[in-house]
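Here the structure is laid out as structure tokens; the discussion comes afterwards.
The values are calculated or read from the model by the stated rules, or taken from the named source; none is laboratory data. Given the structure is predicted, the values throughout are model-derived calculations rather than measurements. Virtual Cβ from ideal backbone geometry, glycine too; neighbours counted across all protein chains shown. Areas reflect the complete protein model, heavy atoms only, side chains present, ligands, DNA and RNA absent. Shrake-Rupley method; radii C 1.70, N 1.55, O 1.52, S 1.80 Å.
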Amino acid sequence: MITDPTLTRIGQGVELHHHKGRRDAARELFAQIWDDIGGEKGEPLHVCVLAHSMADVQDDVREELVWDLRALAAADLVTDEQAAQAGVAISVAGLYPSLHLNLSDCYRKLGDLDLARKHLQQARDTIGALGDDEYGQLIKGGLQRLAEQLDEAT
């Protein structure tokens, strides 16, 4: 169970976007949180989760990519201990499949199929960190769909 107040606020933004269809409101909340945490100088776990979520509410794929790259860079600075203290249920390794999936999709949309395939492979290489739960199935399904889209683009 998430115990970190900043992660709880980010979760509220995710709820606005994914469950209430209020993408603009989510983006505004994420921007406020970004300012509150000090942007990229904030706690790496907050930066990672917030940037990963902010990427999802961008209208321009280039902006989405910038946020996804921020999330990946911050993930490299997060420890399992920090994640556990915040109440995050998965290990830091469990963040990478989704991060690489999103990067792969951005590069696909931008037409850079080599980088798209590279990140797809990195997502596949890290998928073992996820369980066979709902989240793991969601990411695995996303990888399968993206692989099919990349095969069609060849």
GNM flexibility winner over the chain from ALA55, ALA86, ALA74 (Cα, springs under 10 Å): ALA86
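Rounded to two decimals, what is the ratio between the C-alpha radius of gyration of region 31-89 and 2.2 N^0.38 Å? Don't skip to the answer; put the middle values down first.
Values: Rg = 11.4 Å, N = 59, 2.2 N^0.38 = 10.4 Å.
So the Cα radius of gyration is 1.10 times the expected 2.2 N^0.38 Å.
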Rounded accessible area of VAL47 (nearest 10 Å², 1.4 Å probe): 10
Sort out for me the Cα centre separation of region 80-154 from region 19-33, rounded to whole Å. 23
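Test of understanding: what is the full-extension gain from LYS20 to GLN32, defined as 0.36 nm times their sequence separation minus their Cα-Cα distance?
In short, 2.4 nm is gained.
Could you calculate, for the chain, the ratio of the Cα radius of gyration to the Kirkwood radius, expressed as Rg to Rh?
On the way: Rg = 15.0 Å, Rh = 15.7 Å.
With Rh from the inverse mean 1/r over Cα pairs, Rg/Rh is 0.95.
Calculated from DSSP H runs of 4 or more alone, at -39500 (n - 2.57) each and per residue, what is the 222 nm mean residue ellipticity of the chain, nearest 500?
Details: 8 runs with 111 residues, N = 154.
About -23000 deg cm²/dmol.
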As a test of reading the structure, rank THR126, THR79, THR3 by solvent-accessible area (1.4 Å probe, protein chains only), most first. THR3, THR79, THR126
Model label zone, ALA147; criterion: amide N under 12 Å from point 7 Å along Cα-to-beta-carbon; scope region 92-121: 120-121
Highest GNM mean-square fluctuation, the chain, Cα pairs closer than 10 Å: which of GLU43, GLU64, GLU81? GLU81
